[in-house]
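Each reported figure results from applying straightforward, stated rules to the coordinates on display, with no laboratory input. Note that this is a predicted model, so its numbers are computed, not measured. Reconstructed Cβ throughout: ideal geometry from the backbone, glycine too, with neighbour counts over all protein chains shown.
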Amino acid sequence: MDLNLLNEKVENAIKNSEKYKTKGNVATYIPELANVFEDNFGLSIVTVDGKEIHKGDTDLRFSVQSISKVISLIMALEDYGKDFVYEKLGCESSPYPFNHVNTITTKAANPFINAGAISTTSMIKGKDSKEKFQRFMDKMKDWSKDKDITFLEKVYHSEMETTDTNRALYYILKSKGIFDLDVEDVLNRYIAGCSVGVNTYNLAYIAAVLANGGKSLDSNEQFIESDNVKFTLAQMSTAGMYEESGKYQMSIGFPLKSGVGGGIMGVVPGKFGICTYSPRLDNTGNSLRGIIVLEELSKELGLSLFE
Ligand code: GLU
């Protein structure tokens, strides 16, 4: 991929998106998420051959939220294998909001709605809660090549205090026999995972590893098994953008995962990983300006996998 062309198209897309700067609203249902500067915007791209583009507020640490569900899915797949994971979990998109009780029938619809991520979190191995979460943090640090990734205490406490819906989802799953673990352990780790502070560089780097078939960009180490990359990218395409995942596969056309903290992580297989950050969301929970930029880039560079 020609880096100059990519850079030029990125600059144009960001400029053209400026009129959306004040559109949409930051998430407030987790009170601490409202304490961000609403108009921030950052974008990072990391190509599979290690080249980088960074624009805007790329150093800013924001809450990873739902994008952490990608890591939990990969870990569950690594720890238990696909058959076990999908016995406990569906793989179809859901027309309901990410924390809606209807996202659960006999099991959670997919790994990227809350009930699904609570399920994958229950499948992360470790001798105790501390070790399970440490393994999750270590993966994030290794795959993003950033040992300084932090945990946003305030976001964590704010969500723990307001998480009755997730607690209800946990008990519904438990009643369906999906798991029988300590509720506080699973909820703590799920919410702690959502409260990890990342910047756009971190998520673009993780996305680049996925774009590179799960291989480290620096060594030949296979960070993520290639089959698990394939399953994860399929799920990002079908369920990564909440109940509007299909719509954005039509207009953007590559695997995506967004979070209510304002991040969107995208994977263009064989080419690059990308992350946008802009905390103003649309009604579904997707970063509004992030989508506008990704749509223009996809169109200008022919990035859709379906064309
Ligand atoms: N921690 C958030 C929740 O459980 C994640 C939501 C999201 O980013 O989709 O509601």
task = List every residue pair whose Cβ atoms lie under 9 Å apart, where the two residues are 6 or more positions apart in sequence or sit on different chains, the first residue falls within the range 94-116 and is farther than 12 Å from VAL260 by Cβ, and the second residue, located anywhere, is surrounded by fewer than 17 Cβ atoms within 10 Å (Cβ to Cβ) and of a type in the set (Gly, Ala, Ser).
result = VAL101/ALA168
ask   = Going through the range 72-97 one residue at a time, which ones are surrounded by fewer than 23 Cβ atoms within 10 Å (Cβ to Cβ) and within 16 Å of the ligand (Cβ to nearest atom)?
value = SER93, PRO95, TYR96, PRO97
message = Based on this model, can you work out whether LEU60 counts as surrounded by fewer than 16 Cβ atoms within 10 Å (Cβ to Cβ), of a type in the set (A, V, I, L, M, F, W, C) and over 26 Å from GLU244 (Cα atoms)?
response = no
key: Selection count where residues are small (Gly, Ala, Ser) and more than 12 Å from the ligand (Cβ to nearest atom), scope the range 271-290   = 3
query = Does the range 254-270 contain at least one residue that is buried (at least 19 other Cβ atoms within 10 Å of the Cβ), touching a residue at least 40 places away in the same chain (Cβ under 8 Å), among the aliphatic types (A, V, I, L, M) and more than 16 Å from the ligand (Cβ to nearest atom)?
reply = yes
task = Scan the range 14-36 and report the pairs whose first residue is under 14 Å from ASN286 (Cβ atoms) and whose second residue is in a loop (DSSP other than H, G, I, E, B) and among the β-branched types (Val, Ile, Thr), with Cβ atoms within less than 9 Å and a gap of 6+ or a chain change.
result = VAL26/VAL36; VAL26/VAL260; ALA27/VAL260
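Considering only residues that are away from the ligand (no atom under 12 Å from the Cβ) and touching a helix residue (DSSP H, G or I) at 6+ places or on another chain (Cβ under 8 Å), look in the range 112-130 and name the one that is farthest from SER175 (Cα to Cα).
Start the filter on the range 112-130 by keeping residues that are away from the ligand (no atom under 12 Å from the Cβ), which leaves 119-120, 122-130.
From what is left, the residues that are touching a helix residue (DSSP H, G or I) at 6+ places or on another chain (Cβ under 8 Å) are 119-120, 122-126, 129.
Details: SER119: 13, THR120: 16, SER122: 15, MET123: 17, ILE124: 20, LYS125: 22, GLY126: 24, SER129: 22 Å.
Ranking the candidates gives GLY126 first.
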